[in-house]
Amino acid sequence: MQKQEKPETTKASTGIPARVWVVLMLLCVLNVVAHLAAMPGLPERIPMHWGADGGVNGWGPRWMASVLGALPLTFLALFYVAPRIDPKGAAYAKFGGFYQGFVISFTVFMCAISWLGELTVWNLLPGKGAVNVIVSGAIGAFFIGMGNYLPRVRQNYTLGIKTPWALDDPDNWRRTHRFGGACFMVVGVSLIVLGFLGGILPETWILAVIMVLAIGSVAAMYVYSYLIWRKSHNS
């Protein structure tokens, strides 16, 4: 009698155990419910955007808080589906630890950041510059963590530094992600420092530095990947 193959499990297809997905889904649903419950007690317009100095410079209708509260659930659904529709989805099981850490940290961060408007209205933030320090610090720490583990990511079409040369060659992918990991860590440290300088330097300077970091790091990773490809083809 021919032995039947076992169906592919969630852990095998995403590298993340099913119980982790369930816990994160419950967290996201509770986040939405909590936002909806808090909405009647909010003013008609609430803070929605903060400047580099941490001061509020943008407002929106209170229902936007619930929309922001639903974003973590939306992203979680995308993270769950991505490995299943990625042509190289089987690779996710090989870097499941990284993917699990990425999904958990991103989901928790998004849930926390969705409450900034309410916390500002309720005067629960420690000071004017608190938002800038908290957000920049959290994003910076996230980038540092990503940079540390980025070299472990295997070839796929959804997550990582997807240059055409890296997708074409496993060695190019490995070396590009090792270099990209260093770039991510530099950006992360810079964001943490900028968070504390937000109340000192002009906002235009802060934004200019962030733009240079973002564009410069992406350009550097693409150029590095291309140079590896050119060197391998010329040798």
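Here are the numbers for this structure:
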quantity	calculated
Filtered residues of region 117-167 (kept if in a loop (DSSP other than H, G, I, E, B) and touching a Ser or Thr at 6+ places or on another chain (Cβ under 9 Å))	Gly160, Ile161, Thr163
Near pairs, Cβ below 6 angstrom, 6+ apart or cross-chain, from region 139-163 (at pLDDT 95 or above) to any residue that is among the hydroxyl-bearing types (Ser, Thr, Tyr) and surrounded by fewer than 20 Cβ atoms within 10 Å (Cβ to Cβ)	Thr163/Tyr222
Number of the exception - Phe98 against (1) buried (at least 19 other Cβ atoms within 10 Å of the Cβ); (2) of a type in the set (Phe, Trp, Tyr); (3) not in a helix (DSSP H, G or I)	(3)
Residue in region 152-159 that is surrounded by fewer than 18 Cβ atoms within 10 Å (Cβ to Cβ), closer than 13 Å to Gly181 by Cα and not aromatic (Phe, Trp, Tyr) present	yes
Residue in region 215-232 that is crowded, with 17+ Cβ neighbours inside 10 Å and in contact with a Lys or Arg (Cβ under 7 Å, 6 or more places away or on another chain) present	yes
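The values are calculated or read from the model by the stated rules, or taken from the named source; none is laboratory data. Keep in mind that this is a model prediction, so the values were computed, not measured. Here the Cβ is made from the backbone with ideal geometry for all residues, glycine too, and neighbour counts use every protein chain on show.
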